[in-house]
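Heads up, the thing below is written out as structure tokens.
The values are calculated or read from the model by the stated rules, or taken from the named source; none is laboratory data. Since we're looking at a predicted model, the values are computed, not measured. Virtual Cβ from ideal backbone geometry, glycine too; neighbours counted across all protein chains shown.
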Amino acid sequence: MFVLEKIREYSKTDKTAVIYNDDKMSYKELEEASNAFADFLIKNGKTNAPVVIYGHKEREFLPCMYGALKSGRAYVPVDITFPADRLEMVLTDVEPEFFVCLRDCEVEPLASAKKLNVSDVQNIFNTNSNESVDEKHWVKEEDNCYILFTSGSTGRPKGVPINRANIENLAKYLTKWVDVEGNTDIITNQISFSFDVSVVSVYVGVALGKTLYTIDKKMMEAPALLYEGLEKSDLTFWVSTPSFAELCAVSQNFNQNMLPNLKRFLFCGETLTHKLVDTLTERFPNADIINTYGPTEATVLVTASKITKEMAEDSRPIPIGEPLEEVEFRIVSPEGKELSDNEIGELQIISHNVGHGYYKRPDLSQKSFFETVSRGENKRGYRTGDACYKIGNLYYFCGRIDFQIKLNGYRIELEDIENNMVKIDNVSRAVVIPVMKEEKVDYLAAFVLQTQKTDTPKLREITRIKAELSKLVPSYMVPRKIVICTSFPTNTNGKVDRKLLASQL
Ligand code: AMP
């Protein structure tokens with residue numbers, strides 16, 4: 001596999017693979033630690049079950065990921081934002097043989113699985129063979145490389161497996177967009193590994209021999225640390241969601257003086273607003289801005305376009321871009337008729353990037369994935385649920401046709417929150433509404449009905465609901481505002497009138 005071959009090649013140089021605060025990991029260390037982890041899995045594993053890795057940007061994370069691939073196994077990265085309850089659901093679905101816990105975690109895997117903590121992993125790195133792993137063990141073309149768990153409308157996350165062929169196809173078309181500058185490039189390593197935008201750095205960036213500059217949760221939560229880190233990073237290539245750049249742009253010092261060698265911003269995962277484009281264009285006159293678009297189900301991204309002055313000045317939204325060369329887009333009406341320019345419909349993606357469906361969920365897969373012929377080739381298609389229109393070969397996003405949203409780059413099914421809220425004591429119904437500001441979701445608000453009226457003051461009841469909910473869903477899914485109501489307004493179909501509720505905020 002290209003990225004594993006490249007790590008082996010760079011391990012013979014003195015290149016740095018990853019920078020963590022004041023610590024570094026060379027490509028040689030990355031190669032050897034991942035070989036040792038693969039050696040451990042090959043010698044001790046009885047099955048090829050995926051390896052679940054829980055943590056957040058620790059030094060051991062990447063060697064475990066590449067080690068799993070070298071042993072022929074997929075990995076399942078689970079970020080620390082997942083509460084215990086969700087992590088348990090992932091373990092139940094995946095049934096791993098090995099569960100790597102790089103942070104303290106009380107969750108235990110199924111009886112047959114082995115839990116490895118940081119010291120176990122370090123011990124493996126130090127004692128197992130770090131010799132190159134025979135390629136016959138590596139993941140094969142149709143083998144899964146990773147499974148990412150994303151919000152599911154039933155209240156249970158769903159797994160999206162992506163195989164080696166999907167990633168190789170992505171890399172074939174994405175590499176030219178990431179390959180901006182010689183081999184001293186420094187690229188952001190900010191997105192949690194459980195979100196697929198991180199694949200840009202972890203597969204394409206690493207295959208190009210770049211140095212990954214780590215920006216972890218701790219830095220994100222402390223502006224002084226974040227800016228200090230950015231200041232000394234000497235980044236040349238930026239990949240993130242627009243939300244992260246917006247967070248950085250809060251400081252006026254986030255400009256070309258802070259990152260004098262920055263050549264390119266590549267955004268993915270949510271709406272890129274005119275405001276952010278204008279801010280970055282003004283503050284980073286030497287960097288270009290690339291907008292890309294794609295769902296996890298179609299391997300990270302399927303479009304890319306450089307944002308031109310005309311696009312920035314246009315009254316339309318910033319386009320999500322042109323499909324990559326191999327990708328076909330179809331915009332279809334609810335009846336399945338293909339639409340022409342300027343007509344809004346659901347976007348379908350037809351590409352070798354499209355995965356094979358949800359992990360162990362044929363029911364869900366059948367609804368969203370399909371087989372088709374595109375330009376004379378058999379390919380898979382994916383119904384995105386995104387409402388889009390096109391003008392020529394340029395595509396524009398105009399919202400969802402369902403209840404999935406993006407908040408600060410996180411993909412959330414509003415029904416996932418609603419279905420978890422009703423598990424809370426004394427909550428009988430919940431409706432979650434995204435509150436918009438400047439082209440994007442600003443925050444979530446929830447309207448709640450109680451099973452029984454109580455004398456508890458509303459504020460205390462709201463605090464309790466938030467605390468209970470945060471045990472069930474990641475913190476970014478806990479609505480900022482909760483309103484306790486006595487009834488919900490309904491529309492003529494008898495459904496909850498979400499628009500009317502939203503107007504009450
Ligand atoms: P995820 O699977 O987390 O990458 O989320 C995929 C969804 O994010 C897409 O179906 C879109 O709704 C949204 N999305 C991704 N990229 C963009 C973009 N550039 N502009 C607007 N929405 C986007």
Would you call F397 touching a Cys at 6+ places or on another chain (Cβ under 8 Å) and closer than 28 Å to C268 by Cβ?
yes
I'm checking my understanding of the structure. Among residues of segment 375-413 that are outside any strand (DSSP E or B) and away from the ligand (no atom under 13 Å from the Cβ), which one is farthest from Q190 (Cα to Cα)?
G376
State yes or no: is V133 hydrophobic (A, V, I, L, M, F, W, C), within 30 Å of I7 (Cα to Cα), part of a loop (DSSP other than H, G, I, E, B) and in contact with a Ser or Thr (Cβ under 9 Å, 6 or more places away or on another chain)?
yes
Does K406 meet the test of being touching a residue at least 12 places away in the same chain (Cβ under 8 Å) and on the phi > 0 side of the Ramachandran plot?
no
Would you please list the contacts, defined by Cβ atoms under 7 Å and residues six or more apart or on different chains, that run from a residue in segment 372-397 that is under 10 Å from F329 (Cβ atoms) and polar (S, T, N, Q) to a residue that is within 13 Å of the ligand (Cβ to nearest atom) and part of a strand (DSSP E or B)?
T384/E346; T384/L347; T384/Q348; T384/I349; N393/E322
Please find, within segment 428-452, the residue that is nearest to D497 (Cα to Cα) out of those that are out of contact with any strand residue (DSSP E or B) (no Cβ under 6 Å at 6 or more places or on another chain) and without any contact (Cβ under 8 Å) to a residue 12 or more places away in the chain.
M436
In segment 333-347, the residues that are touching a Leu at 6+ places or on another chain (Cβ under 9 Å) and within 15 Å of the ligand (Cβ to nearest atom)
G345
Scan the helices (runs of 4 or more DSSP H) fully inside segment 1-79 and keep the ones with 1 or more residues being in contact with a Pro (Cβ under 7 Å, 6 or more places away or on another chain) and not aliphatic (A, V, I, L, M).
27-44
Can you confirm whether segment 141-148 contains a residue that is of a type in the set (S, T, Y), surrounded by fewer than 22 Cβ atoms within 10 Å (Cβ to Cβ) and within 16 Å of the ligand (Cβ to nearest atom)?
no
Please pick out the residue among D455, D497 that is modelled with pLDDT under 95, surrounded by fewer than 17 Cβ atoms within 10 Å (Cβ to Cβ) and out of contact with any strand residue (DSSP E or B) (no Cβ under 9 Å at 6 or more places or on another chain).
D455
Taking the residues in segment 336-355 that are surrounded by fewer than 15 Cβ atoms within 10 Å (Cβ to Cβ) and at pLDDT 95 or above as candidates, determine which candidate is nearest to G392 (Cα to Cα).
D341
All positions within segment 310-359 that are farther than 22 Å from E371 by Cα and touching a residue at least 60 places away in the same chain (Cβ under 8 Å)
R316, P317, P319, I320, G321, E322
Output the number of residues of segment 302-339 satisfying the condition of being among the charged types (D, E, K, R) and closer than 22 Å to V199 by Cβ.
5
Of the listed residues (S112, S132), the one being surrounded by fewer than 16 Cβ atoms within 10 Å (Cβ to Cβ) and touching a Lys or Arg at 6+ places or on another chain (Cβ under 7 Å) is S132
Any hit, segment 400-422, residues being more than 24 Å from P83 (Cα to Cα), out of contact with any Ser or Thr (no Cβ under 6 Å at 6 or more places or on another chain), of a type in the set (D, E, K, R) and at pLDDT 95 or above:
no
So F40 passes all but one of these: (1) closer than 22 Å to L170 by Cβ; (2) touching a Gly at 6+ places or on another chain (Cβ under 9 Å). Which condition number does it fail?
(1)
Which condition number does Y359 fail, the rest of (1) at pLDDT 95 or above; (2) surrounded by fewer than 20 Cβ atoms within 10 Å (Cβ to Cβ) being met?
(2)
Taking segment 427-444 and keeping only residues that are at pLDDT below 95 and over 20 Å from C398 (Cβ atoms), one is left with S428, R429
Members of segment 16-43 found to be more than 12 Å from Y66 (Cβ to Cβ) and in contact (Cβ under 8 Å) with a residue 40 or more places away in the chain, listed by number:
T16, I19, Y20, N21, D39, F40, I42, K43
